[in-house]
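Right, one structure below, let's go through it.
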Amino acid sequence: MYRQDVPITMKGTASSLCNNLSVHAVPDKRQINYAVVHKSLVNLISATTDGSSVVGRQILCKEPAATQGVPFVMQVKWVILPTRSLLVLTTGRGIQIFEPDGAAMVYFHSLSDSLDKSNYAKGVAGVGEKTLCVGTETGAILMFDVPAKGNNITLLDTVCKHQAPVSDLTSEKDVLASADDLGTIIMWTFNGIKLSPVTSIRGTGWPCNSLALWKSVVIAGFASGHLRVYNANSGICGAEVLAHARTINAVDVSRDNGMVLSVSDDTFFRVWHLKALNVPQIEFCHGETVKNSQLVGGRFVDGQGRALCVTGYDSSEITFFVRV
């Protein structure tokens, strides 16, 4: 179903982090951007859609309030709000928000600047018209108001429902899903002012490393190798698959047709087809190994799942596969 295509080479390698790949398509410029974390750096690659031009550079994580050296980046992700696009970096000590091209930092939020106390940030998603949500090690979710332009970003609220560190966030319009290191998933609705919990899906003790949301269906990848799909409104588990032999590090969904991508330490990526029923179902479509590569990131390149890309730990390549 998919064949391997020409890879893109980065200036650095990929760190061993879950969700270590973000993709941002800019149709007006016929350009696709990729971001991958390497320790305290972020590899940024801009490529034309026809592959004729590929430009790479790096962002060094420097925190204005830090006094204990350069922190490690935990996650990088583009957030596309109706009013604005942003590039968000979460670190072991805070949150950095950049313009989408990474050229200028517009906001920094410190979480910790102490050697004996940590509070890393992990899990990033936009909800509503202009609200950015970021998860933290304490289990709290920070909510930021983002203006259409400028750097007047403000902390709106902090919601605390998780009993373990937040591992990932995902959203669809006014619905937010959050997961933690105990595998608990909480569904929220946003009314433009505050987040309200709708349902909680109890974890089994295995971290939920990655989430995706599509048409009121939650797709969750766990460190146990399980892939589970839930009804977002009721929390009912419609299907459970032992999708991988080792931890699932990333999941993604193609917005137009519900294709699901999962990647794992076991070197395999697998593609599934999601059926958004009252009791959601999932069907296996394709699986392939990327030889000698512990996969840490995976994303569809377009909304129809016609192409996908993956990253592997300690590899300097973004590997592409095209549907045939």
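Select, from Ala276, Ala243, Ala250, Ala232, the only residue that is aliphatic (A, V, I, L, M) and surrounded by fewer than 19 Cβ atoms within 10 Å (Cβ to Cβ).
Ala276 is the lone residue from the list that is aliphatic (A, V, I, L, M) and surrounded by fewer than 19 Cβ atoms within 10 Å (Cβ to Cβ).
Mind listing just one residue for me: the one in segment 197-229 that is under 14 Å from the mean Cα position of the chain (by Cα) and either at pLDDT below 95 or polar (S, T, N, Q) (or both) and, of those, surrounded by the fewest Cβ atoms within 10 Å (Cβ to Cβ)?
Looking at residues that are under 14 Å from the mean Cα position of the chain (by Cα) and either at pLDDT below 95 or polar (S, T, N, Q) (or both), I get Asn209.
Does segment 237-245 contain any residue that is out of contact with any helix residue (DSSP H, G or I) (no Cβ under 6 Å at 6 or more places or on another chain), at pLDDT 95 or above, in a strand (DSSP E or B) and under 25 Å from Leu156 (Cα atoms)?
For segment 237-245, residues out of contact with any helix residue (DSSP H, G or I) (no Cβ under 6 Å at 6 or more places or on another chain), at pLDDT 95 or above, in a strand (DSSP E or B) and under 25 Å from Leu156 (Cα atoms): absent.
Quick test for you: out of Lys194, Lys173, pick the one residue that is surrounded by fewer than 20 Cβ atoms within 10 Å (Cβ to Cβ), closer than 20 Å to Asp252 by Cβ and among the basic types (Lys, Arg).
Lys173
Go through segment 307-322 and give me each residue that's among the charged types (D, E, K, R) and surrounded by 17 or more Cβ atoms within 10 Å (Cβ to Cβ).
Glu317, the sole residue that qualifies.
Residue check, Lys39 against (1) in contact (Cβ under 8 Å) with a residue 60 or more places away in the chain; (2) within 21 Å of Ser167 (Cα to Cα), all met but one. Which one?
The number of the failed condition is (1).
In the set Gly135, Gly92, Gly123, which member is of a type in the set (Gly, Ala, Ser), over 30 Å from Cys237 (Cβ atoms) and buried (at least 18 other Cβ atoms within 10 Å of the Cβ)?
Gly92
Taking into account only those residues within segment 102-133 that are of a type in the set (D, E, K, R) and modelled with pLDDT under 95, which is farthest from Asp157 (Cα to Cα)?
Among those that are of a type in the set (D, E, K, R) and modelled with pLDDT under 95, it is Asp116.
The values are calculated or read from the model by the stated rules, or taken from the named source; none is laboratory data. Keep in mind that what you see is a predicted model, and the values were worked out from it rather than measured. Counting neighbours? That spans all protein chains shown, and the Cβs are built from the backbone with ideal geometry, glycine included.
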